[in-house]
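Laboratory data are not the source of any read-out in this text; all were calculated from the coordinates shown. Nothing here was measured: the structure is a model prediction, and the numbers come from that model. Cβ: placed from backbone, ideal geometry, glycine included. Neighbour counts: every protein chain shown.
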Amino acid sequence: MRSFLFFAFALVVMSCGRKPTDPGIEYAPQMYHSIPLDPYSQTDYNQFFKDKKNAQAPVAGTVAVGKSDYYYPYANDADGYEQAGKELKNPYSVDNKFLSEGKRLFNLYCKHCHGEQGGNDGTVMASGKFPKPGWANYQSDYIRTLPEGKIFHTLTYGKNLMGSHATQLDPYERWMVTAYVKDLSKIGLKEEVKTEKKENSK
Ligand code: HEC
């Protein structure tokens, strides 16, 4: 019993170092502590920076190389929504490949609510357990006249009951889906234009 108590006491004494960053006795420490200062592995205070951290936060406004389209200047509020509607335009050219990828993504992430052609008749909305938007479908004037910047904004931040899709779709993909929404909104129009043309050619 006595030897057990001594052992326990020794453990307590050994486990308390004076320096809080001191890891205690380590086996072959040179195997896992690098000599240069590593940003993601720090065992001692950094003496060169005021906050004593190796990993420094990037300067405010920093944009990572190749990630400039992740920089989104519009705030997640009513003003940001309006501003995006006025200023934000799709930077990519819309061709068949762009639209067909938009369609693929739409069918994965949006169809279950908005339906295949934006009729708000996807399985979720058709179940009657999830409130539908105030507008009937993508072919309604609301979506037809809704600026693409506002659609992109909604996909980025979400709007009321529709959640943000920024974690599922990167900015490039969000523009593809936006273009596809706009394309779906023209469904009836295309036919009207077609019949108008036919009528004119009679
Ligand atoms: C969980 C169901 C759900 C999913 C999934 C969903 N939406 Fe929505 N969406 C809604 C609802 C509800 C609204 C109405 C929001 C409001 O105005 O209150 C809406 C609104 C919209 C609007 C109008 C936005 C605006 O600015 O008024 C567009 C466009 C849209 N959705 C497109 C999409 C696209 C594209 C996807 C897939 C990336 C998607 N939605 C996924 C439920 C959903």
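If you average the alpha carbon positions of the stretch 85-148 and of the stretch 23-53, how far apart do those two centres end up, in angstrom?
Computed from Cα coordinates, the inter-centre distance equals 51 Å.
With all pairs of different alpha carbon atoms counted, what Kirkwood hydrodynamic radius in Å does the stretch 42-150 show?
Working: mean 1/r = 0.0551 Å⁻¹.
The answer is 18.1 Å.
Calculate I(q)/I(0) for the chain by the Debye formula, one identical point scatterer on each C-alpha and no solvent, and give its log10 at q = 0.08, 0.09 Å⁻¹ to two decimals.
Evaluating at q = 0.08, 0.09 Å⁻¹ gives log10 I(q)/I(0) of -0.52, -0.59.
Taking the simple approach of a point 7 Å from Cα along Cα-to-Cβ for both A126 and Q47, what is their distance in nm?
According to this spin-label approximation, the distance is 7.0 nm.
Given a Förster distance of 41 Å, report the FRET efficiency between A75 and Y32 from their Cβ-Cβ distance, rounded to the nearest 0.05. Can you show the working numbers first?
Values: r = 44 Å, r/R0 = 1.08.
Here the calculated transfer efficiency is 0.40.
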